């Protein structure tokens, strides 16, 4: 496969992952809001966004090889 096809696939997968993460955060926000109130929901939303940013920040680039 060519590099451009792999980069498009990687971009598409990243977009889907970002959408699913946002959807999960939105649903979690509404569930936590119903159970713990607005302050708890806002703290949970901030924690979800921070965790997502940490995971994407720590993920290695696709072209790196892993040591087994």
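Rule-based calculations on the coordinates, nothing more; no lab input. This is a predicted model, so every value here is computed, not measured. Backbone-built Cβ (ideal geometry, glycine too); neighbour counts: all protein chains shown.
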Quiz item: Where does the Debye-calculated log10 I(q)/I(0) of the range 15-55 sit at q = 0.16, 0.25, 0.30 Å⁻¹, using only Cα point scatterers of equal weight, no solvent?
Solution: -0.37, -0.77, -0.96
Quiz item: Order of 45, 38 from fewest to most other C-beta atoms within 10 Å?
Solution: 38, 45
Quiz item: When the chain is fully extended, how far beyond the present Cα-Cα distance does residue 24 get from residue 7, taking 0.36 nm per residue of separation?
Solution: 3.6 nm
